[in-house]
1. Considering the range 42-61 alone, what residues qualify as being in contact with a Pro (Cβ under 9 Å, 6 or more places away or on another chain) and basic (K, R)?
2. Just to be sure I understand the filter: pairs with C-beta atoms under 7 Å, separated by 6 or more residues or on different chains, first member in the range 52-69 and in contact (Cβ under 8 Å) with a residue 12 or more places away in the chain, second member hydroxyl-bearing (S, T, Y). Which pairs pass?
Amino acid sequence: MVGSNQPTGGFVSHSDQNKPGLWQVVFSILAAALGVNSESNRQKDFSASSPWPFIIGGIIFGVVFVVGIALIVKIVLESTGAA
């Protein structure tokens, strides 16, 4: 039968087929942060079985980014004697 999910059909389950890898998630988060992404990558990201890897990765990236900027500002202010 065409299009069936029977074991004899050789189909891979939806969650296994569209599960993003670590590097795909990292690349997608960096591309989103820079505001650049191709249409094919966007479609691949939105066809993933779960948005949670992207959400968690985005939160981690956001925290690391803000802490990094705060540290850079602190170092620059201390080096100029303004702090």
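1. K44
2. F54/S28
Bear in mind these aren't lab numbers, they're just calculated from the coordinates by the rules spelled out. Treat the numbers as computed from the prediction; the structure is a model and nothing was measured. All Cβ positions, even for glycine, are placed from backbone atoms using ideal geometry, and neighbour counts span all protein chains on display.
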